[in-house]
Amino acid sequence: SAVISQKPSRDICQRGTSLTIQCQVDSQVTMMFWYRQQPGQSLTLIATANQGSEATYESGFVIDKFPISRPNLTFSTLTVSNMSPEDSSIYLCSGEVGGGETQYFGPGTRLLVL
Amino acid sequence: EDKVVQSPLSLVVHEGDTVTLNCSYEVTNFRSLLWYKQEKKAPTFLFMLTSSGIEKKSGRLSSILDKKELFSILNITATQTGDSAVYLCAVEGSNTGKLIFGQGTTLQVKP
């Protein structure tokens, strides 16, 4: 199965600051995705990170708040900007690894904003 | 609007029981339905279903899809305490790779 890693695994941040989360895949993937899981909730897609083009954001999410980079086919970053306590969530990246259609998830980043 | 609904939202059983988890969906241009198990942070992949009527099986877990009635079930037989988790159903539509998740079913298996 695929190996997807994320850094950091968890962080506690002060409101108004920004945090960049890294996602590394052990093989090339065309599309990578960033999801948010708020406490007690299911996963919600933030954006699709495409290599060589701007990320595609879902309704309710904007680039200024969640800028995404995708410099190559194995790596992506998500920044949570100007954080508030409402941004406290688990942030997960995923990708269809191995050329198949199955989407695998990274271990997640647990963010707490005080 | 694309939608995935799971039921029940929570379930408490005893070891050895059999459980059936339900997932219904309304999605444009259905591509696949996936089941995941989430214990702490990352969802771990269980099954991907694309065709109706073909059961997928892995040990005590099995799943089947009905594309006519737009639902899937996940069965777990002879449940164990290690099966306690949130089970997530997700559907991919429109060939985009994006997954739409249901609310999840929280399963608790008591000794």
- Residues in the stretch A:1-46 that are farther than 12 Å from A:Gly95 by Cα, buried (at least 19 other Cβ atoms within 10 Å of the Cβ) and either more than 9 Å from chain B (Cβ to nearest Cβ) or touching a Pro at 6+ places or on another chain (Cβ under 8 Å) (or both) total 5
- Message: Out of everything in the stretch B:82-97 that is modelled with pLDDT under 95 and open to solvent by 40 Å² or more (accessible area, probe 1.4 Å), what residue ends up being farthest from B:Thr50 (Cα to Cα)?
- Response: B:Thr96
- Message: I need the full set of residues from the stretch A:8-22 which are within 22 Å of A:Ile63 (Cβ to Cβ) and in a strand (DSSP E or B), in order please.
- Response: A:Asp11, A:Cys13, A:Leu19, A:Thr20, A:Ile21, A:Gln22
- Unmet requirement for B:Arg31, which otherwise passes all of (1) in contact with a Gly (Cβ under 9 Å, 6 or more places away or on another chain); (2) closer than 22 Å to B:Lys110 by Cβ; (3) of a type in the set (Lys, Arg); (4) not in a loop (DSSP other than H, G, I, E, B): (2)
- Within the stretch A:84-114, track down each residue that is at the interface with chain B (Cβ under 9 Å from one of its Cβ atoms), among the β-branched types (Val, Ile, Thr) and more than 19 Å from B:Phe47 (Cα to Cα). A:Ile90, A:Thr109
- Go through the stretch B:79-104 and give me each residue that's more than 10 Å from chain A (Cβ to nearest Cβ), more than 16 Å from B:Lys3 (Cβ to Cβ) and in a strand (DSSP E or B). B:Ala85, B:Tyr87
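The values are calculated or read from the model by the stated rules, or taken from the named source; none is laboratory data. If you're wondering where the values come from, they're calculated on a predicted model, not measured in any experiment. All Cβ positions, glycine included, derive from the backbone under ideal geometry; neighbour counts span all protein chains shown. The protein model used for the area step is the full one, side chains on, heavy atoms only, and it has no ligands, DNA or RNA in it. Shrake-Rupley method; radii C 1.70, N 1.55, O 1.52, S 1.80 Å.
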